[in-house]
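The values are calculated or read from the model by the stated rules, or taken from the named source; none is laboratory data. For clarity, every value in this text was computed on a predicted model and none was experimentally measured. A quick note on method: Cβ atoms are made from the backbone with ideal geometry, for glycine too, and the neighbour counts reach across all protein chains shown.
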Amino acid sequence: MSTSVMTPSYRLEQRRRIAGTFPGPNSAALEARRAAVVPKGVASSVPVYAADADGGIIVDVDGNAFIDLGSGIAVTSVGASDPAVVAAVQEQVAHFTHTCFMVTPYEGYVAVAERLAAVTPGDFEKRTVLFNSGAEAVENAVKIARSATGRNAVVAFDHAYHGRTNLTMGLTAKAMPYKTGFGPFAPEIYRMPMSYPFREENPNISGAEAADRAILAIEKQIGADQLAALLIEPIQGEGGFIVPAEGFLPRLAEWAQANGVVFIADEVQSGFCRTGEWFAVQHEGVVPDLITMAKGIAGGMPLSAVTGRAELLDAVHPGGLGGTYGGNPVACAAALAAMDTMESQDLAGRARHIEELVLPRLRALAVEGGGVGDVRGRGAMLAMEFVRPGAKEPDAETAKAVAAACLREGVIVLTCGTYGNVIRLLPPLTIGDDLLLDALDVLETAVLSLG
Ligand SMILES: Cc1ncc(COP(=O)(O)O)c(CNCCCC(=O)O)c1O
C-alpha cells in the first residue's frame, strides 16, 4: 500500500468548471487565427486554447477549467507549473538560454547525465547523451547500437510507436496518421509479434513463449548475428497501453544479451515514475543496454536522453553524436528540478497510489459481454480497450464518444491504440485525490451510458 497521498498547495483552484458552452469566444478567435497560419496536418484533440495550468487543472482562454487526465501526453507528471521547475527555469534563463553544448559546454548537461546514471537501472558504468524529442533519442539509440555492434538490422514490434522522423516512422507500426504518404522508410527494420495478452489467439501463451515466438522469427528472418538492436516499449503507449505478459521482456533481454544484440527500452512514455517505478522495465527486473527517455523528464520542457552502457555510447567516434539544441541549459535546469520533485514527493509511490484508486473502478466497468473488453496498465498509465459487446472487434467509435462525453463535462482524456479503441489515463502524478476521483466519476458515467 503506497503512502503517497497528495496534499500539496496549488496555485490554481483544483476544480473543473465549464462556463456555458465551449469553445468560448476567445478560443474561437484563436481557432480562426490558427486556420490562417497553421496547417491542418497539426491536429489538436481539445477544441480550446490553454491559458493556465497547475496540478490537475488546465484553464482555457475563456475561463473554463478542465481536469487533465492526459498530462500533455504523459509529459507534465509533476504538473504544468511545478514551483521547483518554474524557479529553476527562471534562474537559468536569466543567465543564458543557449551556448550549444558542442561549442561551449555547461554544468547542467553534466548534472543531468549524472542524475540519469543514478536513477536508471543497471549497476554498470553509464553514459548519457541529451537531445530534444523522443524521436531524436530513439534515432540516436539506433545510431549508437549500429556503431557499437557494426551491425545494421533493427527489430521493432507490432503496435509499436517510436516517433515521426523517417527512421522512427519506419519503427512505428501504425500507418495512419503517422506514416501514410511519408515513405519510403529506412531499410533494415524488421517487425516482430508483440505479447498482447488481450488479443492473443492462444490466451494461455506465456510471456516467455511469446518472446520465443519473436525470437524464432528473428533468427529465421534476420539472423541474430546481423541484428544491431531490439527496440521495445516496456508498456506500449500509442499502440494501446499494451502490457506484455510477464516474462516477455526478461526473455527478450536474456536472448539479446546472449547474442550481442543491444536491448533498447523506449521509456519515452512509461518512464519517470509514470508506472509506479522510475522506469517500467523495473517491474520485471529488466536492465536494458540503452534507455530512451523524454516526456516526463523535464516537467514539460523539451528534453530527451539516451542513457546506457558506457562501452556502447563510447564506441561512437568523437563528434558522432550531437545537435544544436541537444541538452538545452534551460531544459536541463527543469529536468534537475523535476527529478527533485519526483524524489521529494515520491511520485513513483504516488503513481502506485493512483493505480490503487483507479484500476479497481475501471475493472468494475469491464463486465462480461460488455463494451469494455480489457482494462490494463500500471501505476498512472492505465487504459480501457473498447470492443463490440461480447466480442473482441475493436470499437473506436465508442472510445471516441466516451472521450467526447468526458470533455463536455470538463475532463480531458486521450484515446490511443492501433485500432483507436483505447481510452488511456495519464493524470499528472501531482493531481489531488479528490480531483482524480471526480474525473473518475465523470468517466464512469460516460462509459456506463455509452459503453
Ligand atoms: C514510446 C514513445 N517513443 C517515442 C515517442 C516520440 O517522442 P516525441 O517527443 O513525440 O518525438 C513517443 C511519443 N508519443 C506521443 C506521440 C504524439 C504524436 O506525435 O502524435 C513515445 O510514446
Contact list, first residue from the range 133-148 and hydrophobic (A, V, I, L, M, F, W, C), second anywhere and near the ligand (Cβ under 7 Å from one of its atoms) and part of a helix (DSSP H, G or I), beta-carbon distance below 7 Å, six or more apart or interchain, is A135/T168; V138/T168
Looking only at helices (runs of 4 or more DSSP H) that lie completely in the range 89-194, which have at least 3 residues being within 13 Å of the ligand (Cβ to nearest atom)? 134-149, 166-171
Of the residues in the range 257-279, how many are farther than 13 Å from R352 by Cα and within 12 Å of the ligand (Cβ to nearest atom)? 8
Just checking: which of the strands (runs of 3 or more DSSP E) contained wholly in the range 14-68 hold 2 or more residues that are free of Cβ contacts under 8 Å to residues at least 40 places away in the same chain and assigned by TED's automatic domain parsing to the domain that holds V411? 50-54
Scanning for something part of a helix (DSSP H, G or I), buried (at least 21 other Cβ atoms within 10 Å of the Cβ) and within 12 Å of the ligand (Cβ to nearest atom), does the range 202-225 turn up at least one residue? no
Cβ-Cβ under 6 Å, sequence separation 6+ or interchain: first residue in the range 191-207 and free of Cβ contacts under 8 Å to residues at least 12 places away in the same chain and not assigned by TED's automatic domain parsing to the domain that holds V375, partner part of a loop (DSSP other than H, G, I, E, B) and of a type in the set (V, I, T). Which pairs? none
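Residue by residue, here is whether (1) within 16 Å of the ligand (Cβ to nearest atom); (2) of a type in the set (D, E); (3) over 18 Å from G379 (Cβ atoms); (4) assigned to a loop (DSSP other than H, G, I, E, B) holds:
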residue: L231; (1), (2), (3), (4): yes, no, yes, no
residue: P234; (1), (2), (3), (4): yes, no, no, yes
residue: G240; (1), (2), (3), (4): yes, no, no, yes
residue: L249; (1), (2), (3), (4): yes, no, no, no
residue: W255; (1), (2), (3), (4): no, no, yes, no
residue: V281; (1), (2), (3), (4): yes, no, no, no
residue: I291; (1), (2), (3), (4): yes, no, no, no
Select from the range 257-271 the residues that are without any contact (Cβ under 8 Å) to a residue 40 or more places away in the chain, outside any loop (DSSP other than H, G, I, E, B) and within 19 Å of L171 (Cβ to Cβ) and list them in ascending order. F263, A265
When you go through (1) part of a helix (DSSP H, G or I); (2) of a type outside the set (V, I, T); (3) surrounded by 24 or more Cβ atoms within 10 Å (Cβ to Cβ) one by one for L407, which number turns out not to apply? (3)
Checked the range 303-341 for anything within 21 Å of T120 (Cα to Cα), in a helix (DSSP H, G or I) and of a type in the set (A, V, I, L, M, F, W, C); matches are A310, L312, L313, A331, C332, A333, A334, A335, L336, A337, A338, M339
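Results for (1) over 17 Å from S77 (Cα atoms); (2) touching a Ser or Thr at 6+ places or on another chain (Cβ under 9 Å); (3) buried (at least 19 other Cβ atoms within 10 Å of the Cβ), shown as yes or no for each residue.
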position: P244; (1), (2), (3): yes, yes, yes
position: L249; (1), (2), (3): yes, yes, yes
position: A253; (1), (2), (3): yes, no, yes
position: A258; (1), (2), (3): yes, no, no
position: V306; (1), (2), (3): yes, yes, yes
position: A315; (1), (2), (3): yes, yes, no
position: P318; (1), (2), (3): yes, no, no
